[in-house]
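Following: one structure in structure tokens, then a few remarks.
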Amino acid sequence: PRHVVRREVATRMADRTGSDVLASAAAGDEIAFRRIIAAHHEDMRRVCAYIAGDLTMAEDATQAAWVIAWKRLRDVREPSHLRPWLMTVAANEAKQLLRKRRTRAKFEVTTDASQEPGGRDPATGVSGMDVREAISRLQPDDRALLALRYVAGFDSNDLAIATGKKPAAIRQRLKRLLDRLREDLTDG
């Protein structure tokens, strides 16, 4: 019981601190905004890299997302919605850059799968290179959903907040995407 009380107090303090930081940043406090950047930048960059398949484009998308975040931070009412909102803004910027450049993402891959860490999985015969190529053939929206789920670690409830869709619909779409990737990998 004592540890439960401490955890509840810690959670309330974290929520209040998150609310204070969010409110301060939304009001134009650059120091509070820098705290938000420090907490979320790397995850946003990783999501963008997954979607774009290009580190330079990922950095550009992340920077563009921060500009939007600075201007629209007051749109976020709940501190618990901040991370999903930021990841969605970053994902949308990465998709927009892909559209603007009209290019398919190309991952840096080695030419010899045996040189990759782990090489081919002996049970499936699938290498990391095969997976990256299969992912690069997906539409940007599909890569964004996979990035938010598996790179940012969102569950279906977080994805529902980020996309405005119902959790059940998100789970179904993810299942279809994973089935499509499995099929692509077994065909290749």
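The values are calculated or read from the model by the stated rules, or taken from the named source; none is laboratory data. Since we're looking at a predicted model, the values are computed, not measured. Here the Cβ positions follow ideal geometry from the backbone for every residue, glycine too, while neighbour counts run over all protein chains shown. We work out accessible area using only protein heavy atoms, side chains counted, and drop any ligands, DNA or RNA first. Shrake-Rupley method; radii C 1.70, N 1.55, O 1.52, S 1.80 Å.
A few points about this structure:
- The range 148-171 - residue that is open to solvent by 50 Å² or more (accessible area, probe 1.4 Å) and of a type in the set (S, T, N, Q) and, of those, modelled with the lowest pLDDT: T163
- Of all residues in the range 172-188, those being open to solvent by 80 Å² or more (accessible area, probe 1.4 Å) and part of a helix (DSSP H, G or I) number 8.
- Within the range 67-78, the residues that satisfy the criterion of being of a type outside the set (D, E), assigned to a helix (DSSP H, G or I) and open to solvent by 40 Å² or more (accessible area, probe 1.4 Å) are V67, I68, W70, K71, R72, R74.
- Qualifying residues in the range 41-52 (those that are surrounded by fewer than 22 Cβ atoms within 10 Å (Cβ to Cβ) and touching a helix residue (DSSP H, G or I) at 6+ places or on another chain (Cβ under 6 Å)) - the one nearest to A90 (Cα to Cα): R45
- Where S136 falls short, out of the listed (1) over 24 Å from H41 (Cβ atoms); (2) under 18 Å from the mean Cα position of the chain (by Cα); (3) modelled with pLDDT of 85 or more: (3)
- Checking the stated criteria, T88 turns out to be modelled with pLDDT of 80 or more, in contact with a Ser or Thr (Cβ under 9 Å, 6 or more places away or on another chain) and not small (G, A, S).
- Flag if A64 is modelled with pLDDT of 95 or more, assigned to a helix (DSSP H, G or I), touching a helix residue (DSSP H, G or I) at 6+ places or on another chain (Cβ under 6 Å) and open to solvent by less than 60 Å² (accessible area, probe 1.4 Å): yes
- Filter result for E59 (more than 26 Å from K165 (Cα to Cα), modelled with pLDDT of 95 or more and either surrounded by fewer than 16 Cβ atoms within 10 Å (Cβ to Cβ) or of a type in the set (G, A, S) (or both)): yes
- For beta carbons closer than 8 Å, sequence separation of 6+ or different chains, a first residue in the range 57-74 that is polar (S, T, N, Q) and a second that is open to solvent by 10 Å² or more (accessible area, probe 1.4 Å), the qualifying pairs are T62/H41; T62/R45; T62/E93.
- Count of the range 130-147 residues, restricted to those that are open to solvent by 30 Å² or more (accessible area, probe 1.4 Å) and assigned to a helix (DSSP H, G or I), is 5.
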